[in-house]
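Step one of this worksheet: look at the structure below.
The values are calculated or read from the model by the stated rules, or taken from the named source; none is laboratory data. Every value quoted in this text rests on a predicted model; they were computed, and no experiment measured them. A quick note on method: Cβ atoms are made from the backbone with ideal geometry, for glycine too, and the neighbour counts reach across all protein chains shown. For the accessible areas, the whole protein counts, side chains as well, though only heavy atoms, and no ligand, DNA or RNA atoms are used. Shrake-Rupley method; radii C 1.70, N 1.55, O 1.52, S 1.80 Å.
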Amino acid sequence: MAADNRINFWRRNPKVPGSVQPVYGAQHPPLDPRFRRTYPKDTKPKFNNLKSKKASTFHEFARSTNDAWDIDDEEDEDFFLTPGPAPSLSSGLHSASTHNQKQHQAGDTESRMPHSLPPPPTEVHNLQDVQEEERDCEHVNGKVVKSSSETLLNSSSVRSTLKKQQSLPVRPIIPLVARISDQNASGAPPMTVREKSRLDKFKQLLASANTDLEELRKHSWSGIPREVRPITWRLLSGYLPANKERRELVLKRKREEYFGFIEQYYHSRTDEHYKDTYRQIHIDIPRTNPLIPLFQQPVVQEVFERILFIWAIRHPASGYVQGINDLVTPFFVVFLSEFVTEDVENFDVAALPLDTQRNIEADSFWCMSKLLDGIQDNYTFAQPGIQNKVKALEELVSRIDEDIHNHFKKYEVEYLQFAFRWMNNLLMRELPLRCTIRLWDTYQAEAEGFSHFHLYVCAAFLTEWRKEILSMVDFQGLLMLLQNLPTIHWGNEEVGLLLAEAYRLKYMFADAPSHYKR
């Protein structure tokens, strides 16, 4: 009886001191302002209750929180309702099931940028303002339009916020916390002469009868212009042939093949053998980028359910694994941007013609499949691919920055505790989606970009936060930092520097495996 009372107590009090709240990374900042750690040293408030609970080692941390994990997902027990029959293609594959969407709230992270960057911007928006703006939005003609009631921050609040964010660099302001569009999209300054020259070069390569893929990779490494990114990604992923005359025929055949899979397999989601897979997909989809309105639309969530379910049953060696749902989003956004001129994150996908929606869905499926073919051992039983990559990261960091490596050892931080997500989600939980898309430009251009070059990107990403890591002197602080790195204001410039450092590390270590050894 005493044990039952203790369990019920924790279920009723999920936020009592010592409990562990979900951690989501850059796209989902921590809710508790006490963990932001941006106070000046002289004015940092003291939280006695937190200090008394702070753990200096992993074992103390685990002992102090083990009872908080004893919570069942009771809300999901009655989830599975028998869906209706599989939607027909003629009706446009309308709703596969009815969703009860969960809106996730998240607070803004007051970012700390690398110390070598310039002073802060002159105007800052915090998440509370963004949330108020979103509440004041209206849907007009398939678009989300802001109402006239929204106002800018007053000058005193701006000054107050700037005092907290003195480490932010000068850069074009991103109007939404979860803005997808890159810095060359709508709302950016006019295209420079260099950018126009690069775009012309891409168009020239793509217009040739047989596209030179090696030349296309060379130009894509430093970023692909938004206007030609969809066709370039299809080519570099191996989805489309280099021969221009064959492309339309291949697209038509592959799209028909995908929807043939839908007709053949999608109705089996209610079968005993597959219902657990479908249930997990159905639960994970609303959690995908909860701050971006695009991914909370029912029509988009249904597309993701079909893509993930078909992929899972066609790859029984791995099936569906949490994290694969994130890997659909960059492809979907890039192929959607081919038909959308305004901000993608607020666009109503249901306003597109049905054939266009179907083409975006099929192309996203095939390109995601091509990506996963190269890293499938990340998702098979026991996930050996991720285990090996995390171990390789540990060995690499021990060679390139021994101070960070010894700091982790001193406070008993295991690389698997933070780098598992980096490998499983390809850094998508650590970077805004606009940065992921720019990162994937290079991954598509690099030989074995997702399976091999990603290791060096993770190493460069870790050493980017060297100063912040070494300033943390306890296990809990280190883990909170590593799971909530302040990248919310990152853009193309920061990703470019990260990739340059990753390339340097690859050049030094990739062909010298003995450098891994101590």
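Annotations
- Ordered from highest to lowest accessible area with the whole protein assembly present and a 1.4 Å probe, Arg434, Arg314 read as Arg314, Arg434.
- Each residue of the range 375-384 was assigned a 3J(HN,Hα) from its phi angle through the Karplus expression (A = 6.51, B = -1.76, C = 1.60, θ = phi - 60°), giving 10, 5, 5, 5, 10, 7, 3, 6, 6, x Hz with x at Gly and Pro.
- Extension gain for Ala447 to Thr192 (0.36 nm times residue separation, less C-alpha to C-alpha distance): 88.9 nm.
- Nonlocal amide H pairs with Glu430, under 5 Å, H built at 1.01 Å: Ala26
- In a simple Cβ point-charge model (Lys, Arg +1; Asp, Glu -1; nothing else charged), the range 193-237 has a dipole of about 180 debye relative to its Cα centre.
- Only Lys, Arg (+1) and Asp, Glu (-1) charged, at Cβ; the range 218-272 dipole about Cα centre in debye: 480
- Computed from phi, the 3J(HN,Hα) profile of the range 339-352 under the Karplus parametrisation 6.51, -1.76, 1.60 (θ = phi - 60°) reads 10, 10, 9, 7, 4, 5, 4, 10, 7, 8, 5, 4, 6, 6 Hz, with x in place of Gly and Pro.
- Rh (Kirkwood; distinct C-alpha pairs) - the range 246-370, Å: 15.0
- Quotient of Cα Rg and 2.2 N^0.38 Å for the range 384-511, N being how many residues it contains: 0.99
- Pairs of lysines in the range 386-511 (C-alpha under 22 Å apart; 8 or more residues apart or interchain): 7
- Solvent-accessible surface (1.4 angstrom probe) belonging to Phe420, in square angstrom, nearest 10: 70
- Here the label points at Glu227 and Ile283, each 7 Å from Cα along the C-beta direction, are separated by 4.7 nm in the simple model.
- If the chain linking Lys254 and Asp271 were pulled fully straight, counting 0.36 nm for each residue of separation and taking away their Cα-Cα distance, it would gain 3.5 nm.
- Within the range 246-370: Cβ-based charge dipole about Cα centre, in debye rounded to nearest 20 (Lys, Arg +1; Asp, Glu -1): 520
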